[in-house]
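Contents: one structure, followed by commentary.
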Amino acid sequence: MSNRRTTRTTRALGLVLAGTAALSVALPATASAAQTSGGTTAAASCYGGSVGISLPANGYSRDFTTTSRCADINLRIDSGGGQWVAVCWAAHGSCQSSWTWVPQGGGYHVVASDVQNGTKFYFTTTNGGGTRHGRAAF
């Protein structure tokens with residue numbers, strides 16, 4: 001009986017710790033613009049410099065160049081549905097090895113972190129279903 005209780009407690013603790021780890025990973029992604037440049041004003045400055053984008057399903061966006069406004073590449077989808085997105089580096093044509101799900105209407109999501117100013121990049125998409133429209137802040 002004691003062994004069962006220990007196993008349940010260990011599993012429950014593992015779930016709590018896993019949830020805490022997921023939360024600690026998720027929080028910096030939404031707050032990174034504010035943290036990197038000194039607060040809420042920096043987030044407004046980063047997002048305030050955003051540009052409109054069109055993301056074709058199973059395709060590529062146009063090229064963009066990172067700025068000093070944001071330390072990360074942030075993406076928001078306003079219409080057309082959620083989209084799997086990866087960032088590709090225009091200088092050598094390679095893309096991130098992992099994809100980021102960006103839901104429609106979910107605000108800005110960090111799709112690439114700590115990107116050097118002046119880096120040329122584009123988005124690649126998968127998932128079909130038509131063109132998505134939104135904004136990118138970088």
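Structure notes:
- Using a probe of 1.4 angstrom and keeping all protein chains present, the accessible surface of the stretch 45-131 works out to 46 square angstrom per residue.
- Sorting W84, W89 by accessible area puts them as W84, W89; the probe is 1.4 Å, largest comes first, and only protein heavy atoms count.
- For the stretch 82-132, the carbon plus sulfur part of the accessible surface works out to 47%, probe radius 1.4 Å.
- Residue order for S61, S68 - accessible surface, 1.4 angstrom probe, largest first: S68, S61
The values are calculated or read from the model by the stated rules, or taken from the named source; none is laboratory data. These numbers were taken from a predicted model, which means no experiment stands behind them. Just so you know, the surface numbers come from the protein's heavy atoms only, side chains and all, with ligands and any DNA or RNA stripped out. Shrake-Rupley method; radii C 1.70, N 1.55, O 1.52, S 1.80 Å.
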